[in-house]
Amino acid sequence: MSNTLKIAIIGCGGIANGKHMPSLSRQAGAEMVAFCDIELERAEEAAEKYGVEGAKVYSDYEEMLKDGGFDIVHVCTPNDSHSVITVASLEAGCHVMCEKPMAKTTAQAQEMLDAARRTGRKLSIAYQNRFRSDSEYLKGLCESGELGDIYYAKAIALRRRAVPTWGVFLDEEKQGGGPLIDIGTHALDLTLWMMDNYKPRSVTGSVFHKLGHKENAANAFGPWDPEQFKVEDSAFGFITMENGATIVLESSWALNVSEFGEAKTLLAGTEGGADMTDGLRLNGERAGRLYETKVDLSSGGVAFYTGAQETEADREARLWLEAVKEDKEPLVKPEQALVVTQILEAIYESARTGRAVYFDGSSDN
């Protein structure tokens, strides 16, 4: 591998333009040399803006992989194609950064993990909220034992009215679901990572289609089309881990609540607690008194790199490229992302059947 990592982008839509390509363009020792999108014009526009001179464009990812000439593939397509494109890219000898969630189903995610192990290529999933300064700081506290044994948590991804009305977000076939698989996945990843607990025992879920039918609804992105709204507008899960720890997952695009926020976690441990409700707050007991403190993350720390502020997307890109170049494990491991998909799928299944889902094969009957 040369000193310069060559990158191909598959899917040149919103997430590629909003995060992947801008952050990669700011990384030293990396260049984007190929772009693919089913709408060729989007690939051409991306190549013009972010590609090296002579960057190639494609409308067929299989043709792009056959031509090769790159070390890394970023998969930025709808959820239903994550697995097939990732597996093909790994088998073509490339390392892969795939957008979240890992896949639409657990079976598809397992195929991705198996392919990474079989080929020896690196695979990571784009859970960029791990790279926020508050997340990094809280993770350090959890690892040092500041909170003790974390036995209760909430994974929060609540929007009052912010239904995405573009792309395929409202298409259940392509996405696999609505807010649960879209933003709930971020909150769950963050929470499991803080707890360092990836062994679920059972899941009970509720999924609601209560507000999507409304005409001319108030919405941050303009009214949605009820005829196109094929996914849930809110979903909730109750997750019990093998060690008895409990996680409550809340997700919504549209919900009548006055307190909301997304990609947040609340943790309760034997030695203290933490939440991201109003900045990063810590709580506990000291010298016979209860205390609560708010952490000042306004300067220094992981949000800054070589004297300049670094966004979570830039940090994600930099550390991913370092993992490839230095042959290290990526921060977001595919084994961890698979458990996230496993739990999300179980919430949908529980809601559909009205029964708890047990991961040891037992039943609630």
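The values are calculated or read from the model by the stated rules, or taken from the named source; none is laboratory data. These numbers were taken from a predicted model, which means no experiment stands behind them. Don't worry about glycine lacking a Cβ; one is built from the backbone with ideal geometry, like all the others, and counts go over all protein chains shown. Areas reflect the complete protein model, heavy atoms only, side chains present, ligands, DNA and RNA absent. Shrake-Rupley method; radii C 1.70, N 1.55, O 1.52, S 1.80 Å.
Odds and ends about this structure:
- Residue within the stretch 101-116 that is small (Gly, Ala, Ser) and at pLDDT below 95 present: no
- Residue in the stretch 31-39 that is under 28 Å from Ile183 (Cα atoms), out of contact with any Pro (no Cβ under 6 Å at 6 or more places or on another chain), touching a residue at least 60 places away in the same chain (Cβ under 8 Å) and aliphatic (A, V, I, L, M) present: no
- Residue match in the stretch 45-60 (condition: over 24 Å from Thr185 (Cβ atoms), touching a Gly at 6+ places or on another chain (Cβ under 7 Å) and free of Cβ contacts under 8 Å to residues at least 40 places away in the same chain): no
- Output for the stretch 224-246, where each listed residue is touching a Lys or Arg at 6+ places or on another chain (Cβ under 9 Å), acidic (Asp, Glu) and surrounded by fewer than 14 Cβ atoms within 10 Å (Cβ to Cβ): Glu242
- Considering residues of the stretch 187-223 that are of a type in the set (Gly, Ala, Ser) and either touching a Cys at 6+ places or on another chain (Cβ under 8 Å) or farther than 28 Å from Ser135 by Cβ (or both) only, the residue most open to solvent (accessible area, probe 1.4 Å): Ala218
- Residue list for the stretch 1-51, filter: surrounded by fewer than 21 Cβ atoms within 10 Å (Cβ to Cβ), in a loop (DSSP other than H, G, I, E, B) and not hydroxyl-bearing (Ser, Thr, Tyr): Met1, Asn3, Gly13, Arg26, Gln27, Ala28, Gly29, Ile38, Glu39
- Candidates Lys174, Lys154, Lys139, filtered to the one that is touching a strand residue (DSSP E or B) at 6+ places or on another chain (Cβ under 6 Å) and either of a type in the set (Phe, Trp, Tyr) or surrounded by fewer than 23 Cβ atoms within 10 Å (Cβ to Cβ) (or both): Lys154
- Scanning the stretch 109-127 for residues being part of a helix (DSSP H, G or I) and buried (at least 23 other Cβ atoms within 10 Å of the Cβ) gives a total of 2.
- Verdict on Leu249 being in contact with a strand residue (DSSP E or B) (Cβ under 9 Å, 6 or more places away or on another chain), in a strand (DSSP E or B) and open to solvent by 40 Å² or more (accessible area, probe 1.4 Å): no
- Restricting the stretch 52-89 to residues that are acidic (Asp, Glu) and assigned to a loop (DSSP other than H, G, I, E, B), the residue that is surrounded by the fewest Cβ atoms within 10 Å (Cβ to Cβ) is Asp60.
- Wholly enclosed helices (runs of 4 or more DSSP H) of the stretch 128-231 bearing at least 1 residues at pLDDT 95 or above and closer than 22 Å to Ser258 by Cα: 185-195
- The residues of the stretch 252-274 that are touching an Asp or Glu at 6+ places or on another chain (Cβ under 7 Å), open to solvent by 70 Å² or more (accessible area, probe 1.4 Å) and not charged (D, E, K, R) amount to a single one, Thr270.
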